[in-house]
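What follows is a short report on a single structure.
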Amino acid sequence: MQMHMEEIGGTVTRASLNGKLDIAGALAIDMAFSVLVGSRRAIVVDLSNVSFIASMGLRTLVIGAKTVAAKGGRMVLLSPTPDVAKVLADSAIDTLIPIYGDLAAATAAVGGKP
């Protein structure tokens, strides 16, 4: 699992994940993701290149969203693949963390300019 971060419009951080978000994948990004959610208030997590997600990956996302929310911020998910979207829906994560299909809508949802 790899994570690439970029700033969008100076106020939103896009974290693009690439690979499998299983136990090994979650451990691989744990430190960097914790730093990200601990230091930013507007985060878009791009899941378009995540081929698989397991319970540890779900845990990483939920803890991240709760951390951001505790600071008055917002984290959303962007463009999960169909298999990942099914897992998010089946586990009801999509009711806790909003999912958007395009970057402009996701950016607007966290308070940034689309």
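Bear in mind these aren't lab numbers, they're just calculated from the coordinates by the rules spelled out. Please read all numbers here as calculations on a predicted model, not as lab measurements. Backbone-built Cβ (ideal geometry, glycine too); neighbour counts: all protein chains shown.
Miscellaneous remarks
- Computed from the alpha carbon positions, the gyration tensor of region 50-90 leads to an equivalent ellipsoid with semi-axes of 21, 11, 7 Å, biggest first.
- Full-stretch length increase - ARG59, GLN2 - with 0.36 nm per residue and alpha-carbon distance subtracted: 18.8 nm
- Bridges between two residues of the chain, per DSSP, are antiparallel at a rate of about 30%.
- Bridgeable aspartates and glutamates around LYS66 (alpha carbons under 18 Å apart, same-chain partners fewer than 8 residues away excluded): ASP30, ASP46, ASP94.
- Here the relative contact order of the chain, from alpha carbon pairs under 8 Å that lie six or more residues apart, stands at 26 percent.
- Cα point-scatterer Debye curve for region 2-109, base-10 log of I(q)/I(0) at q = 0.15, 0.17, 0.21 Å⁻¹: -0.53, -0.69, -1.13
- The angle between the Cα long axis of helix 23-39 and the main principal axis of the chain comes to about 10°, on a 0 to 90 degree scale.
- Against the main long axis of the alpha-carbon atoms of the chain, helix 55-70 sits at an angle near 20°.
- Only Lys, Arg (+1) and Asp, Glu (-1) charged, at Cβ; region 24-81 dipole about Cα centre in debye: 280 debye
- Rounded to the nearest 20 debye, dipole of the chain from Cβ charges on Lys, Arg, Asp, Glu: 380 debye
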